[in-house]
Every structure is written in structure tokens, then in C-alpha cells.
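Asks: Structure below; questions to follow.
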Amino acid sequence: MSKRILVVDDEPDVVTYLSAVLKDAGYDTLEAANGDEAMEQIRKGRPDLITLDITMPEMTGVKTYRQLKEDGALKGIPVVIVTGVAHDFRQFISSRSQVPPPEGYLEKPVKPEELLAEVKRLVGDAEPALKPA
């Protein structure tokens, strides 16, 4: 079974781009446009990893991240923050005492090789598709 990755971003083009890169590498993807949708997707089918934008309407990425890391059943899911917010944000979110720092951090625009390297580091390679006999 392929590794499943939830892509969370309020920009449809970013979701399409990240999902395409991940699918081309053999990963299954789920998509969400905000934190509320993300939490719904996570509870439906626990992903192996989450890419999470920070600046989103409704439930922000920071609030979503906090909810994930404070939930005993979900806190083990690795999160890669994917954001266009300044580099200083990485220090900020990594210094919060309420929750652990994110497992990964990528600045937009994301290069495909950087995304795939982070995903591979955190969850391993995508499982190869079964070949017909």
C-alpha cells in the first residue's frame, strides 16, 4: 500500500503542484484547502505525512498544527510546514513550548527535489505499484 500524504494549502495551484509531484513519485495524496478540511481528512483516514501551509483562512496552519500535536492519537503524524512566510517563522514555530517543532520545513516556492527529499526522509520511498504478472 502506498504512503498517503495530505496536502493542505488554500491556494489551489499549490495543492495541484505538490500533489502532482508526490503522485508522480508514487505517493497517494489527499487534499484540503484549510485546517478544518485537513482535520476532517485526517480523522477519515490517517495520512502517513502532512504538508501544511501556515497562512490560510478559517483555521490557520498554526492552529491546525497545534491541534494535531496536542492530540494523543494524531501527534505522531509527521508534519512538513510549507509556507511563503519569512524564514524567521521557522525559528518562531520551532521555539513554541506548547508543541514540538515540525518534523520538516520548506519555503515556497518549493522545489520538487526538496519536497521529495523531505518526504522520503520522514516516511520513506513510495511503495512501487504492483506490476502485472
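Just so you know, all these numbers are worked out from the coordinates, no wet-lab data involved. Here the structure is a predicted model, which is why all the values come from computation and not from measurement. Every residue, glycine as well, gets a Cβ built from its backbone with ideal geometry; the counts of neighbours run over all protein chains shown.
Asks: In this model, which of K3/K120; K23/K120; K63/K120 are farther than 21 Å apart at the alpha-carbon?
Replies: Listed pairs above 21 Å: K63/K120.
Asks: For the range 4-123, go through all pairs of different Cα atoms, get the mean of 1/r, take its inverse, and jot down that Kirkwood value in Å.
Replies: Every distinct Cα pair counted, the radius reaches 14.0 Å.
Asks: Same structure again: What does the net charge come to around V14 if you take all other residues with beta carbon closer than 9 Å to its beta carbon, with K and R at +1 and D and E at -1?
Replies: The answer is -4.
Asks: How large is the dipole of the chain about the Cα centre if only Lys and Arg carry +1 and Asp and Glu carry -1, each at its Cβ, rounded to the nearest 20 debye?
Replies: 500
Asks: Which of the peptides 24-37, 110-123 is most tightly packed, and how do the rest follow, judged by the mean count of other Cβ atoms within 10 Å per residue?
Replies: Peptide ranking by packing, descending: 24-37, 110-123.
Asks: Can I ask one more? Which whole DSSP H helices in the chain pass both tests: a Cα extent of 24 Å or more along the axis and a mean Kyte-Doolittle value no lower than 1.6?
Replies: none
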